[in-house]
Each structure stands twice: as structure tokens, then as C-alpha cells.
């Protein structure tokens, strides 16, 4: 399959020349204005390369290429110009993320060479992004599973948080869902600093003493410091840092950030984490939503809260099954907490079955500390 290239120029003869000389190598698409090109980007194929003329009426090349990033951010952008002055180059690079310039006029051979170079860069970028996404996702899932086994009181919640986040971003049409999944699985990492008695008090809705309360408020900052060291995780780390920031600017961190200046992922996380806490504490999603609506505009972004409430309508109720531990597989999720006969929490509901969870369950089954069967639903 030929790589797709979009040419944008208000001169019809130039566009026809590109199609005539390059269609043997590339899948050429044409647009005679920035507006027409934006419509193609929204409705058309995924383009490897976008080539735009600089001087066009109504919307120049810099403006168009800057807007094109919002629609197809992975495309490689090239500026076509007969006015390659220094300021034009600076503006194009800063605003439009330009890969290279092509001067008008240029021979078909030069244009072809530049396009092939851009396509090679596009391929490398996608390979790097796929590798990064898959590696990070696998690493984060492994970390999340390990923490959920080691401390189910805290990290058993992450599977439920992830499900809520995924539904919300699906409604919004977010493309990089994995970043939000990572956000939900890592947002509680800072709680490892809290002693067991503080975690127990939080889960039971009790009041923390001054020292524990200060440690609790600091947990997003600790997570930020840990996660921000990972390459390309800076945005996720910053969103986790602001997860306890209230919409009116109160809360933590104590700075002047408020309202829409708080990262949108932080505002979403604030709603979801609090909902899960209230629902777990009182056993009622209706109670949790009513309590939170009373704080809309104060603690919570009203629009984000409305989005979350809407997302609850998309929860699919799945049939619960009582399955022997020996028959568990990776398509299953715990529908109830698993506790030992002494009442200690072993695994929290919502955790997916994995090799690690199966091994832990079988170990406690052999010691007769838990029943031979547990309650699950399909993933």
C-alpha cells in the first residue's frame, strides 16, 4: 500500500503537477485551501505526510499546519514556500512542527526525496511510539498487579478506577487511552508511604491524626516525583500530582491553580477516586453521586462530574459465577472481595485474574485459608 500524502496549495496547476509526477510512488490527495484540507484530515485516511504551501488566502500554511496537529498529530509536516525568509522558518518550526521545507519551484526528484525521508521518519516515530506504549503498559500492569497482591486494601481499587477512566475517555473519543489507563493504575502509588493503620482509617472513613493527614495529602506529590523520572510520563505524573486539587483551587498542592487550569485528567481523577471511595464506604453509587453533586463547582468540575455520571449508564451488568480456583483463567474478574477465614482481605473485587493472582489463591487454598471457589464475572 502506498503511503498517503496530502498536498495543500491554492494554485490548481501546482496540485495537478504534484499528482502527475508523484502518483506512481505515493497515494496523493489534494486540497486547494486550509479549510478544505482540515475537512479531509477529519474525514479522510490517516496521512503519513502533509505538505502545505505557505502563502494561501484566509489561512496560511503555518496556521493550517498548527491546526492539522490537533486532528492528525502523528503526520509529518512539510512547508512548501517560495518565501523562505528567516522569520517564516522560525514561525513554521515553532508553531507547525515542520519536518522540512521545499522551495518553490523544486524538481520532482527533490520533492520525492523529501517525501521519502518524511515517510521514513513517520515509520520510525510510530515504531517508537508502539514500543513505548506496549512496554510501558506491560510494565505498569505488572506493577499494578504486584501492588494489588501486596496491599489489596490500597491497590485493589486500581482495576475499578481503570474501568471508570476507560469509559469516560471513550465517551470523549480520546485516542491515547493507554495514557489515561496508566494514570488510573499509578495514581495511588504514593500511598505506599502510609502506615497500615492510616490506610485502615481511610478505608473505614475514619479521621486521620495530623501526621497521617499530612502524609496522605503528600501522596500525590510522592507519586509525581517517582513517575516524572520515567521518559514521556511527565504529563501523567503532573496529572497525578494534582489529583487532590479541588476545582475552586483549595486542596493540594497549595498553589494558585484552579478551575480549568487544573489538568483535565486530574479533574477526572478527582471525581473517579472520590466516587470509588464513597461507593465502597457506603455500598451505594447513588449515595456517592448525591454527596458529590453537593460539592460540584467546589471540589469537582461540574462538566467532568456530569460526564462521569453519564459514563455509569454504560456499565454492563455481567452475570456472576461461582468458579473453582482450579478453573480460573485470564478472561475473569473478581466480583467480590476474597478474604481469608480470619477475615483478612486477600484480593479486592475488580482485580483481573492473572498468573500472579492464581498463584496467590492456590497457595492460600492449599493451606485451607480460603474456600475452594470464588465469585467472578467475565472480563
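The values are calculated or read from the model by the stated rules, or taken from the named source; none is laboratory data. Source: prediction; values computed, not measured. Virtual Cβ from ideal backbone geometry, glycine too; neighbours counted across all protein chains shown.
Which condition number in (1) in contact with a strand residue (DSSP E or B) (Cβ under 6 Å, 6 or more places away or on another chain); (2) without any contact (Cβ under 8 Å) to a residue 40 or more places away in the chain is the one that residue 247 fails?
Every listed condition holds for residue 247 apart from (2).
Considering only the stretch 226-257, how many residues are exposed (fewer than 12 other Cβ atoms within 10 Å of the Cβ) and either under 17 Å from residue 187 (Cβ atoms) or outside the structural domain of residue 165 (by TED's automatic domain parsing) (or both)?
1
Tell me, which helices (runs of 4 or more DSSP H) wholly within the stretch 267-379 include 3 or more residues that are under 26 Å from residue 196 (Cα atoms) and touching a helix residue (DSSP H, G or I) at 6+ places or on another chain (Cβ under 8 Å)?
On the way: elements: 285-293, 302-312, 355-366.
Where helices (runs of 4 or more DSSP H) fall fully within the stretch 267-379 and carry at least 3 residues being under 26 Å from residue 196 (Cα atoms) and touching a helix residue (DSSP H, G or I) at 6+ places or on another chain (Cβ under 8 Å), they are 355-366.
Given the condition free of Cβ contacts under 8 Å to residues at least 40 places away in the same chain and surrounded by 14 or more Cβ atoms within 10 Å (Cβ to Cβ), answer yes or no: does some residue in the stretch 317-333 qualify?
Taking every residue of the stretch 317-333 in turn, none turns out to be free of Cβ contacts under 8 Å to residues at least 40 places away in the same chain and surrounded by 14 or more Cβ atoms within 10 Å (Cβ to Cβ).
May I ask you to say which residue of 312, 347, 268 is touching a strand residue (DSSP E or B) at 6+ places or on another chain (Cβ under 6 Å) and surrounded by 13 or more Cβ atoms within 10 Å (Cβ to Cβ)? Outline the logic, then answer.
Numbers: 312 fails: touching a strand residue (DSSP E or B) at 6+ places or on another chain (Cβ under 6 Å); 268 fails: touching a strand residue (DSSP E or B) at 6+ places or on another chain (Cβ under 6 Å).
Testing whether each residue is touching a strand residue (DSSP E or B) at 6+ places or on another chain (Cβ under 6 Å) and surrounded by 13 or more Cβ atoms within 10 Å (Cβ to Cβ) leaves just 347.
With respect to residue 73, is the statement that it is modelled with pLDDT under 90 and closer than 23 Å to residue 19 by Cα true? Don't jump to the end; show me each part of the working.
Numbers: modelled with pLDDT under 90: yes; closer than 23 Å to residue 19 by Cα: no.
Criteria not met by residue 73.
Hand me the list of helices (runs of 4 or more DSSP H) wholly inside the stretch 141-252 holding 3 or more residues that are modelled with pLDDT of 80 or more and closer than 30 Å to residue 353 by Cβ.
Details: elements: 152-155, 158-172, 177-186, 196-203, 210-227, 234-241.
Those helices (runs of 4 or more DSSP H) span 158-172, 177-186, 210-227, 234-241.
Can you tell me which condition residue 155 does not meet? The list is (1) surrounded by fewer than 20 Cβ atoms within 10 Å (Cβ to Cβ); (2) in contact (Cβ under 8 Å) with a residue 24 or more places away in the chain; (3) over 16 Å from the mean Cα position of the chain (by Cα), and all the others hold.
With respect to (1) surrounded by fewer than 20 Cβ atoms within 10 Å (Cβ to Cβ); (2) in contact (Cβ under 8 Å) with a residue 24 or more places away in the chain; (3) over 16 Å from the mean Cα position of the chain (by Cα), residue 155 is out only on (1).
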